[in-house]
1. Please enumerate the residues belonging to segment 128-180 that are charged (D, E, K, R), out of contact with any Gly (no Cβ under 9 Å at 6 or more places or on another chain) and closer than 22 Å to Arg101 by Cα.
2. Listed residues Arg89, Arg101; which is touching a residue at least 40 places away in the same chain (Cβ under 8 Å) and surrounded by fewer than 21 Cβ atoms within 10 Å (Cβ to Cβ)?
3. So, in segment 85-142, of the ones that are among the acidic types (Asp, Glu) and assigned to a loop (DSSP other than H, G, I, E, B), which residue ends up farthest from the chain's Cα centre (by Cα)?
4. Of all residues in segment 104-152, which are without any contact (Cβ under 8 Å) to a residue 60 or more places away in the chain and of a type in the set (Val, Ile, Thr)?
5. Return yes when Leu125 is outside the structural domain of Arg211 (by TED's automatic domain parsing) and within 20 Å of Glu239 (Cα to Cα) and no when it is not.
6. For Ala82, which of the numbered conditions (1) over 14 Å from the mean Cα position of the chain (by Cα); (2) not aromatic (Phe, Trp, Tyr); (3) not in a helix (DSSP H, G or I) fails to hold?
7. Within segment 52-94, track down each residue that is out of contact with any helix residue (DSSP H, G or I) (no Cβ under 6 Å at 6 or more places or on another chain) and of a type in the set (D, E, K, R).
8. Any chance segment 84-99 includes a residue that's closer than 30 Å to Asp53 by Cα, assigned by TED's automatic domain parsing to the domain that holds Gly46 and hydroxyl-bearing (Ser, Thr, Tyr)?
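The values are calculated or read from the model by the stated rules, or taken from the named source; none is laboratory data. Small disclaimer: the values here were computed from a predicted structure and weren't measured. For neighbour counting, all protein chains shown are included, and Cβ atoms are generated from backbone atoms with ideal geometry for every residue, glycine included.
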Amino acid sequence: MLTRIEQLDVRVYVVERDFYARQTLISYLGWDRRTRVVGSADSPDGLLHDLKDSLQFPPDVVLFDVACVENDPAALSGWLLALRSLDNRSQVLCLGEYADRDLALAAGKAGAAGFVTREQVGFSLAGAVVRALDAEFLVTEDVTACLSEVFDGTFYRAEVLPQRREYPALTERVEQALHLCVLEGLPASLAADEMGLSTSTVRSYIKEGYRILESYDENTYPNDLSPQERAFMRYTALEAA
């Protein structure tokens with residue numbers, strides 16, 4: 001089924017204690033037209049303060065770094081329940097550095113929309129956020145392994161986040177150029193230095209990469225989307241469910 005990208009406008013609030021990691025998450029979400037960051041904080045208290053005083057409307061999704069509660073399941077559960085008492089609309093997608101059974105259980109039992117790990121979500125963060133809105137409980141494959149012996153309904157019906165879409169036609173060098181220029185945002189001249197090539201060669205790789213990415217995608221995009229934005233969304237797209 002085709003998706004009209006312009007019909008999606010998921011409002012996201014990012015809670016991440018590390019400044020540089022927070023800016024990276026905001027960047028990934030900002031490059032994907034489906035998601036829009038409406039606020040950020042380095043602690044749960046910052047979010048609760050903004051919900052009370054600053055945000056006109058609650059976010060659709062709160063992306064929550066579980067390190068903000070020191071990876072403590074009891075603290076995570078308490079914070080999720082405190083948020084629920086203030087805001088019954090926002091879904092919470094918990095983001096962990098690693099798969100942890102107790103944290104995942106605490107998140108699910110306290111009403112979170114999912115528990116995913118950074119490594120397995122990678123650049124496809126916006127795709128995970130969008131899927132969390134419709135899933136009963138969204139997890140990455142490594143979290144599924146932790147919950148393999150849990151038969152509670154919420155976890156039994158957990159949805160596993162699909163892998164990133166594969167593009168077999170991309171050569172190694174074209175994919176490297178896309179990674180540097182589209183994902184990391186380097187200009188072609190700096191990517192050329194990194195790859196030991198001429199700027200014109202890197203630009204030709206990028207052009208070829210854009211063509212290949214487009215050939216795999218039939219989604220409808222807003223007319224004002226730049227070629228780089230389209231390429232980012234295509235390159236980080238998830239496989240169909």
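1. Glu141, Asp142, Glu149, Arg157
2. Arg101
3. Asp87
4. Within segment 104-152, Val116, Thr117, Val121, Val139, Thr140, Val143, Thr144, Val150 qualify.
5. Yes.
6. (3)
7. Lys52, Asp53, Asp60, Asp65, Glu70, Asp72, Arg84, Arg89, listed by residue number.
8. For segment 84-99, residues closer than 30 Å to Asp53 by Cα, assigned by TED's automatic domain parsing to the domain that holds Gly46 and hydroxyl-bearing (Ser, Thr, Tyr): present.
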